[in-house]
Amino acid sequence: MNDDRISSKAEDYLRAIYEIIAQKGFARIKDVARELEVKPPTVVEMMKKLDAKGLVVYEKYGGITLTPKGTAIAELVEKRHETFRKFLEILLVPKDMALKDAHILEHELHSQTIMQFSRFVDFITKHSERPMFIKRWLDEFKKYCEHAESERKSK
């Protein structure tokens, strides 16, 4: 593996740290462990790896901070996640399911595909610029889904 590339698991850690810092102003091992539902020693092991790659600054028994490079990666992962979450919600996928599935998609698709998803979501969600036909299309799609669901339940 190229030394500049990081695993999807490492991306998850960076995004978790980024979100925790945004919420609390700081991140600690126990915060990351709670967020990712892993044990603290697992977090410590990953922090050592990310520190060695220059993505975080980790001091034993201290807080965790992102380096500028780590922040840039975390922001990119966060943007990918939000793109897929919004896309799935446009498709009327329930929020909890959209969050889980967005997490899968954010790591699995080619960057060109992700860019097109991002453009599509931006096009659909720009409220001030959204043409009337998009609003109508979304309303019609919602009606179609409701009808399909009632058909499914009646069988």
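Bear in mind that the values in this text are calculations on the coordinates, not laboratory data. What you see is a predicted model; the values in this text were computed from it and never measured. Note that we place each Cβ from the backbone using ideal geometry, even for glycine, and neighbour counts take in every protein chain shown.
Below 8 Å, C-alpha to C-alpha, sequence gap of six or more: please give me the relative contact order for the range 8-72 in percent. Please list the in-between numbers first.
Values: 69 pairs, mean separation 20.6, N = 65.
Computed over the range 8-72, the figure is 32 percent.
Arrange the following residues from fewest to most other Cβ atoms within 10 Å of their Cβ: Ser8, Ser118, Ser150.
Working: Ser8 12, Ser118 17, Ser150 9.
Ranked by crowding around the Cβ, least crowded first: Ser150, Ser8, Ser118.
When N counts the residues of the range 8-72, how does its alpha-carbon radius of gyration compare numerically with 2.2 N^0.38 Å, as a ratio?
Working: Rg = 10.1 Å, N = 65, 2.2 N^0.38 = 10.7 Å.
My calculation over the Cα atoms of the range 8-72 gives 0.94.
As a test of the formula, what do you get for the chain when each DSSP H run with n ≥ 4 contributes -39,500 (n - 2.57) and the sum is divided by the residue count, at 222 nm and rounded to the nearest 500 deg cm²/dmol? Please list the in-between numbers first.
Details: 7 runs with 113 residues, N = 155.
Roughly -24000 deg cm²/dmol at 222 nm, from the helical runs in the chain.
Given a Förster distance of 22 angstrom, what is the FRET efficiency for Arg5 paired with Gln116, based on the Cβ-Cβ distance and rounded to 0.05? It would help to have the intermediate numbers written out before the result.
On the way: r = 22 Å, r/R0 = 1.00.
E(calc), rounded to 0.05, equals 0.50.
Remind me, relative contact order of the chain in percent, using alpha carbon pairs under 8 angstrom and six or more residues apart?
Values: 117 pairs, mean separation 26.2, N = 155.
Relative contact order here is 17 percent.
Could you work out the per residue convex hull volume over the alpha carbons of the range 80-154, in cubic angstrom? Let's see the in-between values first.
On the way: hull volume 7.3 nm³, N = 75.
Considering the Cα atoms of the range 80-154, their hull volume per residue is 97 Å³.
Report which label in (i) 10.4; (ii) 12.3; (iii) 16.2 holds the value of mean projected area of the Cα convex hull in nm² derived from the coordinates of this structure.
Computing mean projected area of the Cα convex hull in nm² and matching it to (i) 10.4; (ii) 12.3; (iii) 16.2 gives (ii).
Going by amide H atoms built from the backbone, whose H comes under 5 Å of the H on Ala27, apart from near neighbours?
Ile64
I need the peptides 14-20, 76-82 ranked by packing, meaning the mean over residues of other C-beta atoms within 10 angstrom, with the highest value on top.
Numbers: 14-20: 21.9, 76-82: 18.0.
So the peptides 14-20, 76-82, ranked by packing, come out 14-20, 76-82.
Gain in length, Tyr144 to Met132, computed as 0.36 nm per residue apart minus the alpha-carbon separation, to one decimal in nm?
Working: separation 12, 0.36 × 12 = 4.32 nm, distance 1.83 nm.
Extending this stretch completely gives an extra 2.5 nm.
Could you pull out every residue, at least 5 positions away or on a different chain, whose amide H is within less than 5 Å of the one on Val57? Hs are placed 1.01 Å off N in the peptide plane, and Pro or chain starts have none.
Thr65, Leu66, Thr67
Can you put Met47, Met132 in order of Cβ neighbours within 10 angstrom, beginning with the fewest?
Numbers: Met47 22, Met132 7.
In order of increasing Cβ crowding within 10 Å: Met132, Met47.
Quick one: Karplus J couplings for the range 36-53, per residue in order, coefficients 6.51, -1.76, 1.60, θ = phi - 60°, nearest Hz, x for Gly and Pro?
9, 6, 10, 7, x, x, 5, 5, 4, 4, 5, 4, 4, 5, 5, 5, 4, 8
Net charge near Tyr58, counting Lys/Arg +1 and Asp/Glu -1 over other residues with Cβ under 15 Å of its Cβ?
Details: positive: Arg28, Lys30, Lys48, Lys49, Lys53, Lys60, Lys69; negative: Asp31, Glu45, Asp51, Glu59.
Computed value for this residue: +3.
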